[in-house]
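The block underneath contains the structure these notes are about, expressed in structure tokens.
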Amino acid sequence: MKKQDVEIFRRAVELAATGDCADWTDIQARLVEKGFRRAPDLLDGQKIRAILDAQCALNRPRKKTK
């Protein structure tokens, strides 16, 4: 695996952990904006997408209940 590919996966996981991304599509778009053109190819699998979606949901700020 290329060093840049590993960097894309690392950044994808970091973005998911911030809670700022809605799902894998949001992560992919942000990575492409930052110049990681291989992100769509690398995030093409169902497993990585499911993992990123789960991390986004887990880290999303929760609404306060009264």
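Scanning region 1-24 for residues that are surrounded by fewer than 13 Cβ atoms within 10 Å (Cβ to Cβ) and aliphatic (A, V, I, L, M) returns M1, V6, A22. The set of residues from region 20-38 being among the charged types (D, E, K, R) and more than 14 Å from A50 (Cβ to Cβ) comprises D20, D26, R30, E33, K34, R37, R38.
The condition (being modelled with pLDDT of 95 or more and within 10 Å of the chain's Cα centre (by Cα)) is satisfied by just one residue among R38, R11: R11.
The values are calculated or read from the model by the stated rules, or taken from the named source; none is laboratory data. None of the values given here were measured: they were computed from a predicted structure. Every residue, glycine as well, gets a Cβ built from its backbone with ideal geometry; the counts of neighbours run over all protein chains shown.
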